[in-house]
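K.L.:
Pasting in a structure now, in structure tokens, and then I'll have a few things to ask.
The values are calculated or read from the model by the stated rules, or taken from the named source; none is laboratory data. Bear in mind the structure is a predicted one, so any value in this text is a computation, not a measurement. FYI the Cβ positions are ideal-geometry reconstructions off the backbone, even for glycines, and counts take in every protein chain you see.
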Amino acid sequence: MSAPPLPDLGGLKILRTDADIACPAIDGALSEAGAELVSCGPEVDHGELLDLVGDVDLLLTCYASITAEIIAAARRLRGIVKYGVGIDAIDIDAAIAARVPVVNVPAYAEETVAEGAFALMIALQRRLVPLHAAMRAHGWVSPEPEWLGRDIAGSTVALVGAGRIGRSFARMCGAGFRARVIGHDPHVSRERMRAAGIEKFDDLHAMLDEADVVSLHAVLTADTRGLIGAAEFAAMTRRPLFVNVSRGALVDEGALLDALRSGRLRGAGLDVFTAEPLDRERHPLRELFERDDVLLSPHLTFYTEEAMARLSDDTLARCGEILGGVPVRIASHDPRLRAQRHGVRFVDEVERESPLG
């Protein structure tokens, strides 16, 4: 379903951060509607961003840090559209105080990201990356112990977070591949998890003790930052694979490195990192590039043709509402967004999401 037509945006200025994310449909539609569109990439620093926002009417952002100072400097700002899901980089309290509505796009990629997590898991289970490297180097390899894979069927897959993405991942693993799926999420009922094919564990460490695969599907908040640390990795007694497609800061990455070095983990599939982008020379996680038990992805599990089309349509619809003087549609049930009282309307088509989902 395409976005409704935009109003005439002549005389309005829009800033899109994170312009390294190609969004031609969004950029083209806004420009065609008459807006002056300015963009900046991830290299822009806080001071430069402060200078850019002074006369903008709308801010489109993905990963850039939108601080209280930036919101205060944007004297004409009518709204902030996060073209994505996570809102941890935006100072929501400051936006509320300034009566600037903030909206995200909560449901464009739940199946897409779940598929990405599944792809990381199955590639690690079957040793596909080192096998491919060996084939390229040698032409063929023999069935020796270093290439021995693992089945998903019959394994135990543990979910930390059972929201929309977690439950999609559970369906793929359980109904699709006949794994036992267990999950920890204090904000999702036992009945709801059972209906999704997930056996609920109230105790996180008890669940981790039974896991052959641990997949993280949580929202980053002050309470979930560092959710998986040394104690949690120590509880993973069956040497599981670890998959994270949510947010890097949910994990104590030093403890993750220790778990890989010690063999506590059998491997890791990582799409997200506390400090992005990675690099081979200076990044604290640079040794991951040299490990054949680690599969790295550059925060792109959301990036498919279909998901980007949905993201573009939803983003443009929210832009049209804000700039057309209509209360913007908030479909997320994140309590930080639901605390807003100015320039918003709340809808319930997108089901309630938990802080661990």
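K.L.:
List, please: which pairs have Cβ atoms under 6 Å, are six or more places apart or on different chains, and start with a residue in the stretch 149-163 that is over 11 Å from V214 (Cα atoms) and end with one that is hydroxyl-bearing (S, T, Y) and assigned to a loop (DSSP other than H, G, I, E, B)?
P.N.:
G163/S354
K.L.:
For residues in the stretch 147-188 being loosely packed, with under 14 Cβ neighbours inside 10 Å and hydrophobic (A, V, I, L, M, F, W, C), which is nearest to the chain's Cα centre (by Cα)?
P.N.:
Ranking the qualifying residues of the stretch 147-188, first place goes to A175.
K.L.:
Scan the stretch 154-168 and give yes if some residue there is over 21 Å from L204 (Cβ atoms), assigned to a helix (DSSP H, G or I) and not hydroxyl-bearing (S, T, Y), otherwise no.
P.N.:
no
K.L.:
Anything in the stretch 337-357 that is within 22 Å of A218 (Cα to Cα) and modelled with pLDDT of 95 or more? List them, or say none.
P.N.:
L337, R338, A339
K.L.:
So, V105, is that one touching a residue at least 60 places away in the same chain (Cβ under 8 Å), at negative phi, touching a strand residue (DSSP E or B) at 6+ places or on another chain (Cβ under 6 Å) and among the hydrophobic types (A, V, I, L, M, F, W, C) or not?
P.N.:
Considered against the rule, which asks whether it is touching a residue at least 60 places away in the same chain (Cβ under 8 Å), at negative phi, touching a strand residue (DSSP E or B) at 6+ places or on another chain (Cβ under 6 Å) and among the hydrophobic types (A, V, I, L, M, F, W, C), V105 comes out as no.
K.L.:
Considering only residues that are of a type in the set (G, A, S) and surrounded by 17 or more Cβ atoms within 10 Å (Cβ to Cβ), look in the stretch 7-38 and name the one that is nearest to E305 (Cα to Cα).
P.N.:
Checking each candidate, the answer is A25.
K.L.:
Are any residues in the stretch 35-62 within 14 Å of V102 (Cα to Cα) and hydroxyl-bearing (S, T, Y), and if so, which ones?
P.N.:
Answer for the stretch 35-62, where residues must be within 14 Å of V102 (Cα to Cα) and hydroxyl-bearing (S, T, Y): just T61.
K.L.:
Look at V129 and say whether it is outside the structural domain of P240 (by TED's automatic domain parsing), in contact (Cβ under 8 Å) with a residue 60 or more places away in the chain and aliphatic (A, V, I, L, M).
P.N.:
Answer is no for this residue.
K.L.:
Given the structure, is E191 surrounded by fewer than 20 Cβ atoms within 10 Å (Cβ to Cβ), more than 24 Å from the chain's Cα centre (by Cα) and within 26 Å of P130 (Cα to Cα)?
P.N.:
no
K.L.:
Which ones in the stretch 1-25 are of a type in the set (A, V, I, L, M) and in contact (Cβ under 8 Å) with a residue 40 or more places away in the chain?
P.N.:
M1, A3, L6, L9, L12, I14, L15, I21, A25
K.L.:
Are any residues in the stretch 103-129 under 25 Å from F289 (Cα atoms) and modelled with pLDDT under 95, and if so, which ones?
P.N.:
V129
K.L.:
Conditions first: (1) closer than 24 Å to M308 by Cβ; (2) among the hydrophobic types (A, V, I, L, M, F, W, C); (3) surrounded by fewer than 16 Cβ atoms within 10 Å (Cβ to Cβ). L59 passes all but one, so which condition is the exception?
P.N.:
It is condition (3) that L59 fails.
K.L.:
List the number of the failed condition for I322; all other conditions in (1) out of contact with any His (no Cβ under 7 Å at 6 or more places or on another chain); (2) assigned to a loop (DSSP other than H, G, I, E, B); (3) surrounded by 15 or more Cβ atoms within 10 Å (Cβ to Cβ); (4) of a type in the set (V, I, T) hold.
P.N.:
Only one criterion in (1) out of contact with any His (no Cβ under 7 Å at 6 or more places or on another chain); (2) assigned to a loop (DSSP other than H, G, I, E, B); (3) surrounded by 15 or more Cβ atoms within 10 Å (Cβ to Cβ); (4) of a type in the set (V, I, T) is unmet by I322, namely (2).
K.L.:
Let me ask something additional. Do you know which residues across the stretch 185-199 are touching a strand residue (DSSP E or B) at 6+ places or on another chain (Cβ under 6 Å) and not in a helix (DSSP H, G or I)?
P.N.:
Answer for the stretch 185-199, where residues must be touching a strand residue (DSSP E or B) at 6+ places or on another chain (Cβ under 6 Å) and not in a helix (DSSP H, G or I): G197, I198, E199.
K.L.:
Which of the numbered conditions does L220 fail, given that it passes all the others? Conditions: (1) over 26 Å from V85 (Cα atoms); (2) surrounded by 15 or more Cβ atoms within 10 Å (Cβ to Cβ); (3) among the hydrophobic types (A, V, I, L, M, F, W, C).
P.N.:
Exception for L220: condition (1).
K.L.:
If I filter the stretch 277-319 down to residues being in contact with a Phe, Trp or Tyr (Cβ under 7 Å, 6 or more places away or on another chain) and over 18 Å from L241 (Cβ atoms), which single residue comes out as surrounded by the fewest Cβ atoms within 10 Å (Cβ to Cβ)?
P.N.:
R280
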